[in-house]
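Colleague: Following this message is one structure expressed as structure tokens.
The values are calculated or read from the model by the stated rules, or taken from the named source; none is laboratory data. Remember, it's a predicted structure, so these values are computed and weren't measured experimentally. Virtual Cβ from ideal backbone geometry, glycine too; neighbours counted across all protein chains shown. The accessibility values were calculated without ligands, DNA or RNA, using every heavy atom of the protein model including side chains. Shrake-Rupley method; radii C 1.70, N 1.55, O 1.52, S 1.80 Å.
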Amino acid sequence: MKTAIYAGSFDPITNGHLDILDRALKLFDRIIIAVGKNIEKNTLFTTEEQIEMIKTATKGKNVEVNAFTGLLVDYAKKKKIRHIIRGLRAVSDFDYEFQMATLNRRLSHEIDSVFLMTDKEYFYLSSSMVKQLAAAGGAINDYVPKNVRIELEKKFK
Ligand code: PNS
């Protein structure tokens with residue numbers, strides 16, 4: 001059974017994340033979605049809310065959803081996992097991802113980052129964009145699953 005970790009802030013999970021997840025599930029038998037803290041980002045949702053939304057949005061898929069604190073590579077080692085999935089959208093993601101993957105490799109040589117490209121439909125989609133749209137009352141149906149749309153609408157009611 002090959003398992004990988006798909007790590008991110010997921011604040012909230014979007015259709016772009018789900019697209020990456022489906023691609024990852026073609027390469028691995030099981031994916032652990034690991035909600036982590038990016039210290040550069042303030043979150044709109046609590047970790048518990050993020051996890052609940054992910055669980056609902058991924059129902060029926062071979063997925064486990066967890067939160068982690070501390071270093072991602074330490075979490076991966078604890079879970080005995082050697083592959084970390086990250087999604088790539090536009091070229092602008094590359095620098096940040098390259099830095100993170102290089103740092104993670106320095107921290108733990110056995111763990112590899114696996115980059116998957118989103119469908120072109122999601123190139124410019126991010127959780128931040130979705131939050132901005134939702135906050136301004138814009139339509140977000142095309143960008144997030146229904147359960148997430150409902151939670152976003154509650155936040156900005
Ligand atoms: O979706 P994001 O915000 O790009 O996810 C970033 C995340 C949470 C995966 C990253 O910040 C992370 O791994 N945080 C845990 C701390 C860590 O291991 N840092 C070293 C790599 S930058």
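Colleague: So which helices (runs of 4 or more DSSP H) stay within segment 38-150 end to end and still have 3 or more residues that are in contact (Cβ under 8 Å) with a residue 40 or more places away in the chain?
Modeller: Correct list: 47-57, 72-78, 127-135.
Colleague: Any chance you could count how many residues in segment 109-127 are farther than 22 Å from Asp19 by Cα and crowded, with 16+ Cβ neighbours inside 10 Å?
Modeller: Adding up the residues that qualify gives 1.
Colleague: Here's another thing I want to ask about it. Might you let me know whether segment 27-38 holds any residue that is at positive phi, open to solvent by 20 Å² or more (accessible area, probe 1.4 Å) and within 13 Å of the ligand (Cβ to nearest atom)?
Modeller: no
Colleague: Considering Leu88, Leu44, Leu71, which residue is surrounded by fewer than 16 Cβ atoms within 10 Å (Cβ to Cβ) and over 14 Å from the mean Cα position of the chain (by Cα)?
Modeller: Leu71
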